[in-house]
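The values are calculated or read from the model by the stated rules, or taken from the named source; none is laboratory data. The structure presented is a predicted model; accordingly, all values stated were derived computationally and were not measured. FYI the Cβ positions are ideal-geometry reconstructions off the backbone, even for glycines, and counts take in every protein chain you see.
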Amino acid sequence: MDTLTIVLIVIGVLALWVIFAYNRFVRLITRTKEAWADIDVQLKRRYDLIPNLVEAVKGYATHEKTAFENVTKARAAAMGASTVAEQGEAENMLTGALKSLFAVSEAYPDLKANQNFMELQRELSDTENKIQAARRFYNGNVRDLNISIDSFPGNMIAKTFSFMKQEFFELEEGEAAARQPVAVKF
């Protein structure tokens, strides 16, 4: 083989490697976006359940205005969050407000026996579990992407094509608290 053939083979192999590395980053970013969309769907479902839950509690606990206002404000903040970190912080506030709403409901035995309220609690609990599963899926994809961006030689491709690390979606003071869903008691 002559030198030109060897140089062309080396250039061809490098070009193929760059193409495969670039496509891997595109795949990882697409998976991360898809995983975030799964979280977003579950969060929207949660946001849709909250007004019904508040209305159900209002019917029994009309003088608990502060708890209702806190839930409404926290829901609005969560719906308006624009970054992953803001979303995590807003979701923590909303979870705290929902816990206080459920604490209020404990004082009303008739409310706890109400079928509509019990169904809303069940749906909210189910949604909380789905949010946690979607969060784990998203964070796994973010981890894979971030490792690829930090690892050699992928970091050269990431820097060349401006692939950026993504933020993890953290809830409630880290992993230990995030493992515990909102307490829903009957």
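Residues in the range 1-17 that are over 21 Å from Pro153 (Cβ atoms) and not hydrophobic (A, V, I, L, M, F, W, C) were compared, and the one that is surrounded by the most Cβ atoms within 10 Å (Cβ to Cβ) is Thr5.
Can you tell me which residue among Asn155, Asn139, Asn129, Asn146 is polar (S, T, N, Q) and farther than 30 Å from Phe25 by Cβ? Exactly one residue qualifies, and that residue is Asn129.
The set of residues from the range 121-141 being closer than 14 Å to Asp40 by Cα and either of a type in the set (Gly, Ala, Ser) or not in a helix (DSSP H, G or I) (or both) comprises Ala133, Ala134. The residue pairs whose first member lies in the range 117-146 and is on the phi < 0 side of the Ramachandran plot and touching a residue at least 60 places away in the same chain (Cβ under 8 Å), whose second member is among the polar types (S, T, N, Q) and surrounded by fewer than 17 Cβ atoms within 10 Å (Cβ to Cβ), and whose beta carbons are closer than 6 Å, counting only pairs six or more residues apart or on different chains, are Leu120/Asn52. Filtered by the rule that a residue be of a type in the set (A, V, I, L, M, F, W, C) and either modelled with pLDDT of 85 or more or within 21 Å of Gln42 (Cβ to Cβ) (or both), the range 95-116 gives Ala97, Leu98, Leu101, Phe102.
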